[in-house]
Amino acid sequence: MLEITSAVKRKVVTVDEGDSLEMAAQLMAENHVGAVVAMSHSGVMGIFTERDLMRAIGEKKDPAGVSVGKVVNNNYVKVRSDAKCSDCLMVMKENKCRHLLVFDDDRFVGIIALSDLAQLLLQQKEDLIKQLEQYITS
């Protein structure tokens, strides 16, 4: 079973709950990420994604005038850093999301995206192919 430990992004882009949607969108664009973690004075508030931004714009909310805290998904899904890749994929499927916040007990340690899981699985498959090729040719 493949663990996600190596794929967890520990350097996470964050925004304050009072920051505007526009600022969050700029941070996502600058950092080439599809989600940022919204922080409040007490810690992680939730996750703000491209989908949340599009929903807010679709509801005619002003990106420069509305704060992340007003629209952030604070019913975020979390997993442990030693979670199995297959479990994370199942959680994403069940919750119809592409990002999971990673915690060890109550300590926030990072984020993992569906694309990270895909890369991890692809690398595992490539490693297996190399091992099989070496076995066959030896």
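The values are calculated or read from the model by the stated rules, or taken from the named source; none is laboratory data. Since this is a predicted model, take the numbers as computed values, not measurements. Backbone-built Cβ (ideal geometry, glycine too); neighbour counts: all protein chains shown.
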All positions within the range 105-126 that are exposed (fewer than 12 other Cβ atoms within 10 Å of the Cβ) and not in a helix (DSSP H, G or I):
ASP105, ASP106, ARG107
Please enumerate the residues belonging to the range 89-108 that are farther than 19 Å from VAL33 by Cα and in contact with a strand residue (DSSP E or B) (Cβ under 8 Å, 6 or more places away or on another chain).
VAL91, PHE103, ASP104
Are any of the residues in the range 32-54 of a type in the set (D, E, K, R), under 14 Å from ILE111 (Cα atoms) and free of Cβ contacts under 8 Å to residues at least 60 places away in the same chain?
no
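Residue by residue, here is whether (1) among the charged types (D, E, K, R); (2) surrounded by 14 or more Cβ atoms within 10 Å (Cβ to Cβ); (3) farther than 26 Å from GLN119 by Cα; (4) under 12 Å from the mean Cα position of the chain (by Cα) holds:
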site	(1), (2), (3), (4)
GLU3	yes, yes, no, no
VAL8	no, yes, no, yes
GLU30	yes, no, no, no
THR49	no, yes, no, yes
GLU59	yes, no, yes, no
Would it be correct to say that ALA64 is in contact with a strand residue (DSSP E or B) (Cβ under 8 Å, 6 or more places away or on another chain), of a type outside the set (Asp, Glu) and exposed (fewer than 11 other Cβ atoms within 10 Å of the Cβ)?
yes
Which condition number in (1) in a helix (DSSP H, G or I); (2) modelled with pLDDT of 95 or more is the one that ASP52 fails?
(2)
Within the range 70-91, residues in a loop (DSSP other than H, G, I, E, B) and touching a residue at least 60 places away in the same chain (Cβ under 8 Å) come out as SER81, ASP82, ALA83
